[in-house]
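The block underneath contains the structure these notes are about, expressed in structure tokens.
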Amino acid sequence: MPATAPTIWVRRHSLVVRITHWINVVCLTVLLMSGLQIFNATPALYWGQASDFAHPLLSLHAVEAPNGTAAGVTEILGLRIPTSGVLGLSNVEGHPTERGFPAWATLPGPQWLAMGRRWHFFFAWLFVANGLVYLLHGLLTEHFSRDLLPDGPQLRHIGTTFREHLRLHFPKGDEARHYNVLQKLAYLAVILILLPVMVLAGLAMSPGLDSALPLVSLFDGRQSARTVHFIIAFLLLGFVVVHVAMVVLSGLWNNLRSMITGRYRIDPVEGPDA
């Protein structure tokens, strides 16, 4: 009979990585939902320092339909897309109401800008503090260089890895001990580019902070910073959706176990005949 390698248990995530990961899950969820609450106060995006109400890059609003009823639309660079019931117009206590994002997507659910800002600012600072802990840990333990930097062979075979992912073929045996090149590049892009730029864009929107440190000049205006902040938030949401899908498809319980207890099971692979 063909021999099989024994099941191997490895320690995949340190305690600090696991704790900061779950704090990030909570923070990003609250930040997204409270951010949509804040966005609903002015459900449009512009570029530059001031709002050009006649030429928004993105606008969620209600219009009058040909039959005389209200209809929700999403307008992107002048292109109107009907989105009634979800974006622009949704039911509030059983009545169609003009609203950017629906109540189920915002925190709090009712239109309440002041409370949304409180939630957003508290969890934003918690998120930044948590990120600094993760960065310090990564530098002190060589987590970044050891686990997240792709090596030469991985980069040379990135095409093969991409095709294997499209076919939902995931690493087995010794290859499953480490992140593959696509995971490493995605995590580095999020950690080193998307998150820092999103935080800077958020800080640039603060008039008080801008008077002492003119971060808004990095984004060509306060409205530009708001637009960049919004776009990156949805890029992160897309990353999370793909990340969760890969977690489920490659082994939900094994991946969850590794992020809760740190232990990850390496499945045996068939070997030559004994």
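Gaussian network model of the chain, Cα springs within a sub-10 Å range: biggest mean-square fluctuation belongs to which of Arg167, Arg263, Arg226?
Sorting by GNM fluctuation, first place goes to Arg167.
What accessible surface, in Å², does a 1.4 Å probe find on Phe121, ignoring ligands, DNA and RNA and rounding to the nearest 10?
It works out to around 100 Å².
If DNA, RNA and ligands are ignored and the probe is 1.4 Å, what is the ranking of Thr227, Thr42 by accessible area, most exposed first? Display every interim value, and only then the final one.
Details: Thr227 5, Thr42 65 Å².
Output order, biggest surface exposure first: Thr42, Thr227.
Scanning the chain for helices, which whole DSSP H stretches are 24 Å or more long along the axis (Cα) and average 0.5 or more by Kyte-Doolittle?
Working: long enough: 15-41 (40 Å, 1.51); 113-140 (40 Å, 1.08); 222-249 (41 Å, 1.73).
The qualifying helices are 15-41, 113-140, 222-249.
Given the convex hull of the Cα atoms of the stretch 53-100, what is a quarter of its surface area in nm²? If you can, show how the numbers build up before the last one.
Details: hull surface 13.7 nm².
Answer in nm², one decimal: 3.4.
What is the extension gain from Ala41 to Arg80, computed as 0.36 nm multiplied by their sequence separation minus the C-alpha to C-alpha distance, in nm to one decimal?
Result for the pair: 12.0 nm of gain on full extension.
Where Rh is the Kirkwood radius over the Cα pairs of the stretch 86-146, the temperature 10 °C and the viscosity 1.306 mPa s, what D in µm²/s does Stokes-Einstein return?
Answer from the Stokes-Einstein relation: 110 µm²/s.
If the viscosity is 0.692 mPa s and the temperature 37 °C, what Stokes-Einstein diffusion coefficient in µm²/s follows for the stretch 5-99 when Rh is the Kirkwood radius over Cα pairs?
Values: Rh = 16.7 Å.
Taking Rh from Cα pairs, D becomes 196 µm²/s.
Taking R0 as 22 Å, what's the FRET efficiency between Asn67 and Glu93 from their Cβ-Cβ distance, rounded to 0.05?
0.40
If you stretched the chain out fully between Leu15 and Asp52, how much longer would it get, using 0.36 nm times the residue separation minus the C-alpha to C-alpha distance?
Numbers: separation 37, 0.36 × 37 = 13.32 nm, distance 4.82 nm.
My answer for the length gained is 8.5 nm.
In nanometres, what is the gap between the two model label sites at Ala105 and Leu256, each 7 Å from Cα along Cα-to-Cβ?
Going from the Ala105 label point to the Leu256 one covers 2.7 nm.
Given contacts defined as C-alpha pairs under 8 Å and at least six residues apart, what's the relative contact order of the chain, whole-number percent? Intermediate results must be reported in sequence, preceding the final value.
Values: 368 pairs, mean separation 79.5, N = 274.
29 percent.
Put Ser224, Ser217 in order of accessible area, largest first, 1.4 Å probe: what do you get? Intermediate results must be reported in sequence, preceding the final value.
On the way: Ser224 0, Ser217 85 Å².
Largest to smallest exposure gives the sequence Ser217, Ser224.
Among His243, His13, His157, which one shows the highest mean-square fluctuation when the chain is modelled as a Gaussian network with alpha-carbon springs under 10 Å?
Of His243, His13, His157, the most mobile in the Gaussian network model is His157.
Could you run the Debye sum over the Cα atoms of the stretch 1-58, one equal point scatterer each and no solvent, and tell me log10 of I(q)/I(0) at q = 0.16 Å⁻¹, two decimals?
With one equal scatterer per Cα and no solvent, log10 I(q)/I(0) is -0.74.
The values are calculated or read from the model by the stated rules, or taken from the named source; none is laboratory data. Just so you know, these numbers come straight off a predicted model, no measurement behind them. As a convention, Cβ positions derive from the backbone with ideal geometry for all residues, glycine included, and neighbour counts pool all protein chains shown. Protein only, heavy atoms only, side chains kept; ligands, DNA and RNA dropped before computing areas. Shrake-Rupley method; radii C 1.70, N 1.55, O 1.52, S 1.80 Å.
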